[in-house]
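Peer 1: One structure, pasted below without further comment.
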Amino acid sequence: MQTITPELLAGSVLSVPPLARKPDYSLDKEGNRRILSHLAAGGVTTALYGGNANLYNMGVREFGALLDQLEDIAPAGSWIIPSIGPDYGKAEDQVDVLKGTALPTAMLLPLNFPATSAGVAIGIRRLAERFGRPLIAYVKDAKFITPGDLAGLVKDGAVVAIKYAIVRDDPTADPYLDELLQQVDRRFVVSGMGERPAVAHLSKSGLNGFTSGSVCIAPAMSHGILTALKAGDVPTATALREKFLPLEDLRDGHSPLRVLHAAVAAAGVAETGPLLPFLDTIVDEALLARIAAAAQTLLADEMAYRAK
């Protein structure tokens, strides 16, 4: 079983792919294989299946089939991370499925109601103990769990990494993150909101890496941002990030998950099919045209970047 280390977290952009489905909502093995292969061809070897894969709405009965499929299609050297939850009962059932795999961790999806910080900390400890392996905590809201409770989970070995994704107008002005980094080694914290805040989070706050959805279209360029930031080359990272912003603007304006689902298909990476209810795919033709233009431009930039 793979050992999770800060160096492993920092070695690749943590891609957060959509989950391809066939018209009848069944898992599309070929579509999901194409997404992972495209990522690997651009040097991205980590795939975190969570919000963009709409695992919030996946039932426990399908979870085992998903794990089997991902383990079967993952390129050599890739690291697959599934998500569990967001509610405790579902997460507990999913952990029982995960115990039969060699996957070294899973990420707990955040639940805002009904949840308390102390209750979330109790739940994560119980889930990690039941799993026999540490989990990744996903923080999207300051009310979900306090920095102090997170620090205790990291200290006790129940949490091996934190995906930090509280949106701020200015990512350098973030009291929650400041408090968290006073209590938790920043090597265990990754920026969890794509390329937009990654430059500030890594160059100013010293976070260990970042997650991305748009990396599924432009993996080499996204990895180039990470490489530049690790080398202290902020101008290069900033210039590469600009290539992602047209699609990121659409994602922020019209649903990060639903826009990415459409964009990966529009770029020709893979057909992604329908979204599992309670979500639906975008059908507005004008919006789809804007998504397609942004996605195809990003892919063209990616191919030019690889050719250099």
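Every number in this text was worked out from the coordinates using simple rules, so none of it is lab data. Remember, it's a predicted structure, so these values are computed and weren't measured experimentally. When we count neighbours, we look across all protein chains shown, and the Cβ atoms used for this are built from the backbone with ideal geometry, even at glycine.
Peer 1: Dipole of the chain (Lys/Arg Cβ +1, Asp/Glu Cβ -1, origin at the Cα centre): which of Gly206, Thr272, Gly192 lies farthest to the positive side?
Peer 2: About the Cα centre, the residue reaching furthest to the positive side is Gly206.
Peer 1: Please name which of His223, Thr297, Leu247 has its Cα lying farthest along the dipole of segment 188-304 towards the positive end, using unit charges on Cβ (Lys, Arg +1; Asp, Glu -1) and the Cα centre as origin.
Peer 2: His223
Peer 1: Lys204: which lysines have alpha carbons under 30 Å from its alpha carbon, excluding same-chain residues fewer than 8 sequence positions away?
Peer 2: Within reach: Lys140, Lys143, Lys155, Lys163, Lys230, Lys243, Lys308.
Peer 1: Looking at the chain, I'd like the Rg to Rh ratio, where Rg is from alpha-carbon atoms and Rh is Kirkwood's inverse mean 1/r.
Peer 2: Ratio of gyration radius to Kirkwood radius for the chain: 0.94.
Peer 1: What dipole magnitude, in Debye to the nearest 20, does the chain give about its Cα centre under +1 on Lys/Arg Cβ and -1 on Asp/Glu Cβ?
Peer 2: Roughly 440 debye, rounded to the nearest 20.
Peer 1: If the chain between Asn57 and Asp169 were fully stretched, how many nm would it gain, using 0.36 nm times the residue separation less the Cα-Cα distance?
Peer 2: The Asn57-Asp169 span can extend by a further 37.4 nm.
Peer 1: Give or take rounding to whole Å, what are the principal axis extents of the alpha carbon atoms in segment 1-149, in descending order?
Peer 2: For segment 1-149, the Cα extents along the three principal axes come out at 41, 38, 28 Å.
Peer 1: Quick check: the distance between the Cα centres of segment 93-111 and segment 180-201, to the nearest angstrom?
Peer 2: Their Cα centres are 23 Å away from one another.
Peer 1: Put a dot 7 Å past each Cα toward the Cβ at Ser37 and Tyr305; how far apart are the dots in nm?
Peer 2: Here the answer is 2.2 nm between the modelled labels.
Peer 1: Grab the Cα-Cα distance for Arg126 and Lys22, subtract it from 0.36 nm times how many residues apart they are, and report the gain in nm with one decimal.
Peer 2: Here the answer is 33.9 nm.
Peer 1: Using a Gaussian network model of the chain whose springs link C-alpha atoms within less than 10 Å, name the residue from Ser222, Ser83, Ser205 with the highest mean-square fluctuation.
Peer 2: Per the Cα network of the chain with a 10 Å cutoff, Ser205 tops the list.
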